[in-house]
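One structure is given here, and the rest of the page talks about it.
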Amino acid sequence: MNLRLRTIEDFFRAPDVDLLSDWFDVYSLTSGIEFVVDEIGDEPRVTHVDVTIRMPAEAITEGLQERVRAGIDRYCDARLRAVEQAAHQDRSRGWLMMAFSVVAVFALIWSAQQLTGTGESLLGVAAEGLSIAAWVLLWHPLQELVFDRWTHRLDRRALRTLRDRSTVLIEALPPEAAPTP
């Protein structure tokens, strides 16, 4: 993965790049590290990533590559902690919501069945609406307990890949390749 940045700060926070600038690229809307994590997250088969950061020579200082590596490790550790917290909250909230939803589903379906037996068409429509509402109530707990779990797993994998199985190379842009501001 190759990133062309003005400064190393653009790797760790979203750059302030004008859309009309030659420095604007597809990864300019977010920090470089977020772009890398998102790219890894979209490719579950990626087991190693090479990140090459190209910058103007005057922006490269001694020891920069090692500092960037340490920054990546700290970033990934902090994000992994945040993902774990979010996963724990999703599980806790999901089970509470599921308990409420199950009770609500039974109450709504029972109410719908009571209305269905009356024979009036307006009440039949209301009964149908109650049945739909009952099943819709289950969606959010299922999102928290099933689908968000998958998202957290992909996030963990991407962050661990970047932290544990990546190489970072910082190269100077040739003067003719550096866009004008």
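Each reported figure results from applying straightforward, stated rules to the coordinates on display, with no laboratory input. Values in this document were obtained by computation on a predicted structure and should not be read as measured data. For neighbour counting, all protein chains shown are included, and Cβ atoms are generated from backbone atoms with ideal geometry for every residue, glycine included.
Data for the structure
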item: Interchain or long-range residues, amide H under 5 Å from Leu173's placed H; result: Met55, Ala57
item: Estimated 222 nm signal from helices in the chain, with DSSP H stretches of n ≥ 4 weighted -39500 (n - 2.57), rounded to 500; result: -19500 deg cm²/dmol
item: Kyte-Doolittle mean at least 1.6, axial Cα span of 20 Å or more - DSSP H helices of the chain; result: 121-137
item: Cβ-based exposure ranking for Trp150, Trp23, Trp95, in which fewest neighbours within 10 Å come first; result: Trp150, Trp95, Trp23
item: Burial ranking of peptide ranges 40-48, 153-161 (average Cβ count within 10 Å, highest at the top); result: 153-161, 40-48
item: Val146-Asp38 FRET efficiency (beta carbon distance; Förster radius 22 Å; 0.05 resolution); result: 0.50
item: Efficiency of FRET from Cβ geometry, Asp50 and Ala82, R₀ 22 Å, rounded to 0.05; result: 0.30
item: Under-5 Å amide H pairs with Arg4, H placed in peptide plane, nonlocal only; result: Arg54
item: Charge dipole magnitude, Cβ of K and R +1, D and E -1 - region 17-74, Cα centre, debye nearest 20; result: 220
item: Karplus-derived 3J(HN,Hα), 6.51/-1.76/1.60, for each residue of region 11-22, Hz, glycine and proline x; result: 7, 9, 8, 4, x, 9, 10, 5, 4, 8, 6, 5
item: Calculated FRET efficiency for the pair Glu9/Ser92, C-beta based, R₀ 41 Å, to 0.05; result: 0.65
item: Fewest-first sequence of Val68, Val136 by Cβ atoms within 10 Å of each Cβ; result: Val136, Val68
item: Stretch gain in nm, segment Asn2-Asp18, where the contour uses 0.36 nm per residue and the Cα spacing is subtracted; result: 3.7 nm
item: For Val49, distant residues with modelled amide H under 5 Å away; result: Ser166, Thr167
